[in-house]
Structure formats: C-alpha cells, structure tokens
Amino acid sequence: MPQIKDSARPKPPKHLRPATAKWFKAVVEDFDLEPHEIRLLTLAGEAWDQGQAAREIVAEKGMTFDDRFGQPKARPEVAIERDSRIGFARLLRELNLDLGAPEEARPPALATNRGY
C-alpha cells in the first residue's frame, strides 16, 4: 500500500481541544479513512470535547442545582455529558475503529427486534 504524504492527510479541525486533535491525527495516520469517515471522526471529536466541557462544569458546580422552589434539579450539563458519551461511542462503533471483531462489541439483538 502506498504511503500517504502528511500534507495529503486531513488535518484536525482547529476547534478541537489539543488532546482531541492529537487523537484525531493519530486515527487518521493509523487508518485509511474515506471522506465520509473523516466527517464521522470529526463528529466523534466534537462529541468528546462537548462531553469533557460538560464534565468540567459538573465537577465545578455539582450535578444538581436548586430551582426557584428550592427543589434539586439535575444540571443541564449532566444530560449533555451523557448524550455526548453515547454519541461518541456510537460514532466509534460506526467507524469500526476497534481492532477486534465488531460483532463481539455489540450487545446481542433483542428477540423482539428480530421478530422471533
């Protein structure tokens, strides 16, 4: 397989955090990705960064706040972190970057989803 020149490799988007940009670059170097997969990789990096930003806010301010009635409510960042983790995991699964068999990484399908 011919080596791809560094200038031909996609660069990490500038808005990604430095650690995420480093990860993006490593993935692009290790895997031969199609243009649509680069877009998925970008979305995965963005999801990771959003989750990390939300996690930092939760770490600073806590998981809950008191509403105007004094009742505890979950901070919106808790849902953002959760949704970003799920999105990141799904994008990685879609990209099939795991070196193991992808079928083993997925939970078994429910019988009700298969019509059994």
Name the residues whose placed amide hydrogens come within less than 5 Å of the amide hydrogen of THR64, ignoring near sequence neighbours (fewer than 5 apart) on the same chain. ARG75
Nearest 20 debye, what's the magnitude of the dipole of region 32-77 about its Cα centre given +1 on Lys and Arg Cβ and -1 on Asp and Glu Cβ? 400
Only sites in a loop by DSSP and with at most 16 other Cβ atoms within 10 Å count here; which chymotrypsin sites (Phe, Trp or Tyr not before Pro) in region 1-70 make the cut? PHE31, PHE69
Taking Cα pairs closer than 8 Å and at least 6 residues apart, the relative contact order of region 41-98 in percent is 46
Any idea which of LEU97, LEU43, GLN71 is furthest toward the positive side of the dipole for region 41-98, if Lys and Arg beta-carbons carry +1 and Asp and Glu beta-carbons -1? GLN71
Could you run the Karplus curve 6.51 cos²θ - 1.76 cosθ + 1.60 with θ = phi - 60° over region 49-61 and give me ³J(HN,Hα) per residue in whole Hz, x for Gly and Pro? 5, 4, x, 5, 4, 5, 4, 5, 5, 4, 5, 7, 9
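Since every read-out is calculated from the coordinates, none of them should be taken as a lab result. Computed from a prediction, not measured in an experiment: that's the story for all the values here. As a convention, Cβ positions derive from the backbone with ideal geometry for all residues, glycine included, and neighbour counts pool all protein chains shown.
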